[in-house]
1. Hey, what do the phi angles of the range 228-240 turn into as Karplus ³J(HN,Hα) couplings, whole Hz, using 6.51/-1.76/1.60 and θ = phi - 60°, x for Gly and Pro?
2. How big is the gap, in Å, between the Cα center of the range 1-26 and the Cα center of the range 356-375?
3. Kindly state, to the nearest 0.05, the FRET efficiency for K130 paired with D71, given R0 = 22 Å and r defined as their beta-carbon distance.
4. Going through the range 228-300, which GluC sites (Glu not before Pro) have at most 14 other Cβ atoms within 10 Å and a DSSP loop state?
5. Using only Cα atoms, figure out Rg for the chain and give it as a multiple of 2.2 N^0.38 Å.
6. Around P336, with a cut-off of 13 angstrom between Cβ atoms, what is the net charge of the other residues, counting Lys and Arg +1 and Asp and Glu -1?
7. Arranged from highest to lowest average of other beta-carbon atoms within 10 Å per residue, in what order do the peptides 317-323, 72-78, 286-292 appear?
8. Restricting to the range 195-348, compute how many DSSP beta bridges are antiparallel as a %, nearest 5.
Amino acid sequence: MIKKILTVVGARPQIIKAAAVSRAIREAFADRLQEVIVHTGQHYDYGMSQCFFDELQIPSPQVNLGIGSMDRAAQIAAMINGLHNTMKEQRPSMVLLYGDTNSTLAGALAASSAGIPVAHVEAGLRSYNKSMPEEINRIATDHVSTLMFVPTKRGIANLVREGFDVNYQGHFSPDHPGIFYCGDVMFDNALFFGNHQSSEEMVELKKKGPYFLATLHRDHNTDQPHKLEEAMDAFIRVIRETDHRIILPLHPRTASQINAKLKMKLNQYPQLELIEPASYLDMISLLRDTLLVITDSGGLQKESFFFQKPCVIMRPQTEWTELVENGNAIVCDTDPEKISSAVNHFINKANFTWPAFYGDGRAAHFICEQMIAAC
């Protein structure tokens, strides 16, 4: 009997993660699983959403709630209402959620209200900073999930610390969830798409010489003027001290917060190359050839590791603590001095190691197998 899985996505990273499982369903489990994709509309423009469906060959969402950008509480409330109605219409056997966005939390609460089991991909991650909305989202989602797919062994340890029975083997439920270390679906994608050809635009951009790759999009960095300016000052300082350029694909949120004064300042440094949001394959291309990465993105921290590039983290904490402990990443927040010091450290560091923290590249197949067993 074919089981219906309702996949909820809303943001760029979720679409990328969903690509791995959707591909596994189509290629190996189509006779046992039917996937219905629901897009909340959290990321709604082409450059942050639809282009990823197109290039990663994911089926277009059967449902798009079109929620769009709004206050966090209002956005989550609108998503819960839309998702609850969709779940009543679709009657899935399980709801599949990714990561830690508002769409993740809304999906978890809507499914819990409807009495539908939740499978959470990227369960167990903790930054131990509850002032971050993402931390609240991931904790709340874990605590209503029936299946928890944990990408790292540190994530398993986090769940043990919170009192979860990670060895439970009985009937799975939100009270007694099935907890599995499975590796990371983003590693699946990195292996699958790692050698795909990039656009001509990226080829030409990379020809101009050595570069660092940067991204900046977290609201606590972009929506506070002093934090945004501090981050941009850090980029300028790195350019001055290393004589290397920085390629910065500009997230729409970040672009909207750059005022005229800051724009005038940035225009003095053409080595800071602000470009349109890059597609997934173009970001992979940029990652392959960058010297290092400077980012506040959780996903890009891991992708840097997949392509063996050191990472400077523009956040006060990270949920990917194994990267820091192994010397592949340094947490700096937006402090220009710390960021400059970290960049110089990595430029001069030679003895990197790249352990297999994130599995064997078959996380998506494992997730499908466990969903089939649990349904």
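Only the coordinates and a few stated rules stand behind these numbers; no lab work does. Remember, it's a predicted structure, so these values are computed and weren't measured experimentally. Glycine also receives a Cβ, built like all others from the backbone with ideal geometry; neighbour counts cover every protein chain displayed.
1. 5, 5, 4, 4, 5, 4, 5, 4, 5, 4, 4, 4, 4
2. The two parts, judged by their Cα centres, are 13 Å apart.
3. After rounding to 0.05, the efficiency reads 0.70.
4. The qualifying sites: there are none.
5. On the way: Rg = 20.2 Å, N = 375, 2.2 N^0.38 = 20.9 Å.
Against the empirical 2.2 N^0.38 Å value, I get 0.97 for the chain.
6. Working: positive: K227, R237, R240, K338; negative: E229, E230, D233, E241, D333, D335, E337.
Computed value for this residue: -3.
7. Those peptides, ordered most packed to least, come out 317-323, 286-292, 72-78.
8. Working: 0 of 16 bridges.
Expressed as a percentage, antiparallel bridges in the range 195-348 total about 0.
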